[in-house]
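Undergrad: Got a structure here, written out as structure tokens. Questions coming.
Nothing in this text is a laboratory measurement; each read-out follows from the coordinates by a stated rule. As the structure is a computational prediction, the values presented were derived from the model and not from experiment. No Cβ is skipped: glycine too gets one built from the backbone with ideal geometry, and neighbour counts run over all protein chains shown.
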Amino acid sequence: MTRIAKRLLPHPHLTILLVIVWQFLVNRPTPNSLLFGLFLGLVIPFITQPFWPNRPKLRNWPKVAAYVLVVLWDIVIANIIVARIILFKRNADRHPAWITVPLELKQPEAITVLAGTITMTPGTLSADVSAEGHSLLIHCLDAPDTDAVRDEIKSRYESRLKEIFE
Amino acid sequence: METLLELLVVIFLVTAGIFGFVGSFGLLKLNDRMSRLHAPTKATTLGVGGVLLASMAHSVLTEGHLSLHELLITLFLFLTAPITAHFIAKVNIHQFETRDSLPDAGEDEIWATHDIEEGPTDAETSKN
């Protein structure tokens with residue numbers, strides 16, 4: 001019984017996400033749109049199954065929620081910090097720098113999330129990944145102390161992602 | 001209640017305007033290519049976010065129901081902004097950075113953008 005359910009519902013989280021997103025797209029949820037959302041949520045994961053062969057298992061949902069909140073907060077702070085640098089710092093006083101961040105994360109999905117987070121947060125931008133995916137190349141808008149930036153990325157984001165993905 | 005909502009809409013719109021302006025101003029003011037990329041990826045997020053929040057508050061105010069499209073736009077924006085930035089950064093590395101001008105790539109020794117076989121030059125490809 002569970003095996004049949006697994007065949008028909010290969011990705012239950014994606015099903016739930018699709019149903020919710022469809023309600024948002026419709027903008028005024030009705031029983032009708034709920035039914036169609038459910039239909040999409042059942043069909044799309046089934047059809048797209050071959051596209052995600054080794055997807056990582058997320059177990060720790062409270063940690064995922066905590067991570068999303070931390071990142072959202074950091075995005076607001078990032079905007080204010082970058083705005084301050086743009087408006088009030090002369091170009092000559094700024095210290096743009098490249099930083100190499102060695103990665104402990106292994107899964108491509110986790111590295112993608114980390115790279116996206118780095119781009120959205122204070123004064124940093126992920127520019128490239130090394131040939132085998134063992135380090136990230138980050139550009140800093142204003143980093144007098146590059147080691148501190150690297151340590152903050154590792155302790156604030158990477159350690160949390162490690163707990164979520166591994 | 002209505003005045004409060006109107007005030008909220010105004011506050012969101014003004015904040016959004018300021019951050020949108022700062023993002024565009026940064027494009028002009030910052031003086032190297034990679035730094036210029038910071039301005040649109042960051043300051044604009046709050047700029048667009050503010051407009052969307054104002055739009056949600058406005059739909060509650062005038063139509064009496066909560067519009068949810070804005071949340072989706074925010075979600076898609078957060079997903080796509082880093083990817084566009086990444087593409088632009090890669091183009092910049094392709095065109096202006098060499099293997100020596102970038103910092104050490106750690107144990108892999110080379111960054112992915114430079115990890116390509118030497119293909120035919122532009123002149124050769126245009127001949128074909």
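Undergrad: Along the charge dipole of chain A, which of A:87, A:99, A:120 sits closest to the positive end, that is, farthest toward it, with unit charges on the beta carbon of Lys, Arg, Asp and Glu (+1, +1, -1, -1)?
TA: In chain A, that residue is A:120.
Undergrad: By how many nm would the segment from residue A:148 to residue A:28 grow when fully extended, if each residue of separation counts as 0.36 nm and the alpha-carbon distance is taken off?
TA: 38.4 nm
Undergrad: Restricting to Cα pairs below 8 Å that are 6+ residues apart, what does the relative contact order work out to for chain B? Please round to a whole percent.
TA: Relative contact order here is 22 percent.
Undergrad: Could you state the angle between the C-alpha long axis of helix B:2-29 and the longest principal axis of the C-alpha atoms of chain B, as a value from 0 to 90 degrees rounded to the nearest 10?
TA: The answer is roughly 20 degrees.
Undergrad: Which order do A:146, B:3 fall in if you start with the one that has the fewest other Cβ atoms within 10 Å?
TA: Fewest to most other Cβ atoms nearby, the residues stand as B:3, A:146.
Undergrad: Kindly identify the protein assembly as shown as rounded, prolate or oblate by the Cα gyration tensor criterion: order the square roots of the eigenvalues as a ≥ b ≥ c, call it rounded if a/c is under 1.5, otherwise compare a/b with b/c, prolate if a/b is larger, else oblate.
TA: Verdict is oblate for the protein assembly as shown.
Undergrad: From Cα pairs below 8 angstrom and at least 6 apart in sequence, can you work out the relative contact order of segment A:13-103, rounded to a whole percent?
TA: Relative contact order here is 21 percent.
Undergrad: Let me ask something else about it. Quote the charge dipole size of the protein assembly as shown about the Cα centre in Debye, to the nearest 20; the model charges only the Cβ of Lys and Arg (+1) and of Asp and Glu (-1).
TA: Rounded to the nearest 20 debye, it is 1080 debye.
Undergrad: Which value in deg cm²/dmol, rounded to the nearest 500, describes the helix-derived mean residue ellipticity at 222 nm for chain A, given -39,500 (n - 2.57) per DSSP H run of n ≥ 4 and division by the residue count?
TA: -18500 deg cm²/dmol
Undergrad: Over all residues in A:4-16, what is the mean tally of Cβ atoms on other chains that come within 10 Å of each residue's Cβ?
TA: Shielding by partners across A:4-16 averages 0.
Undergrad: Now, a different point. Could you check the simple spin-label distance between residue B:29 and residue A:47, using points 7 Å along Cα→Cβ, in nm with one decimal?
TA: In this crude spin-label approximation the distance works out to 4.8 nm.
Undergrad: Please give the calculated 222 nm ellipticity per residue for chain B, where each DSSP H segment of at least 4 residues contributes -39500 (n - 2.57) and the sum is spread over every residue; nearest 500 deg cm²/dmol?
TA: -25500 deg cm²/dmol
Undergrad: For chain A, what are the DSSP H helices with axial Cα length of 20 Å or more and mean Kyte-Doolittle hydropathy of at least 1.6?
TA: Passing helices, by number: A:12-26, A:31-48, A:61-88.
Undergrad: Can you give the FRET efficiency to the nearest 0.05 for residue A:6 and residue A:159, using r as the Cβ-Cβ distance and R₀ = 35 Å?
TA: 0.60
Undergrad: Using Cα atoms only, what is the angle between the long axis of helix B:33-63 and the major principal axis of chain B, expressed in degrees (0 to 90) to the nearest 10?
TA: Once rounded, the angle reads 20 degrees.
Undergrad: Per-residue mean of other chain beta-carbon atoms within 10 angstrom of the beta-carbon, peptide B:45-51?
TA: Across the residues of B:45-51, the mean count of other-chain Cβ atoms within 10 Å is 3.
Undergrad: Over the Cα atoms, compute the radius of gyration (one decimal) and Dmax (the largest Cα-Cα distance, rounded to a whole number) for segment A:1-86, in Å.
TA: In Å, with Rg to one decimal and Dmax whole: 18.0, 60.
Undergrad: For Cα pairs less than 8 Å apart in space and 6+ apart in sequence, what is the mean separation divided by the residue count of chain A, i.e. the relative contact order in percent?
TA: Dividing the mean separation by the residue count of chain A yields 22 percent.
Undergrad: Based on Cβ point charges of +1 for Lys and Arg and -1 for Asp and Glu, what charge dipole magnitude is obtained for segment A:61-165 about its Cα centre, in debye rounded to the nearest 20?
TA: It comes to approximately 280 debye.
Undergrad: What aspartates and glutamates does residue B:29 reach when the alpha-carbon gap must be under 18 Å and sequence neighbours fewer than 8 apart in one chain are set aside?
TA: Answer for residue B:29, where 18 Å is the Cα cut-off: A:93, A:142, listed by chain and number.
Undergrad: Helix B:69-96 versus the longest principal axis of chain B: what angle, 0 to 90°, nearest 10, using Cα atoms?
TA: Computed tilt is about 20 degrees.
Undergrad: For segment B:2-97, give the magnitude of the charge dipole about the Cα centre (Cβ charges: +1 Lys/Arg, -1 Asp/Glu; no others), in debye to the nearest 20.
TA: 520
Undergrad: Another one. Normalised by the empirical 2.2 N^0.38 Å for globular proteins, what value does the Cα Rg of chain A take?
TA: Here the Cα radius of gyration is 1.31 times the empirical estimate.
Undergrad: Determine, for A:94, B:33, A:84, the number of other Cβ atoms within 10 Å of each Cβ, and report the residues in order from fewest to most.
TA: By the 10 Å Cβ count, ascending, the order reads A:84, B:33, A:94.
Undergrad: Shifting gears a bit: Tell me, A:20, A:81, A:86 in order of fewest to most beta-carbon neighbours within 10 Å?
TA: A:20, A:81, A:86
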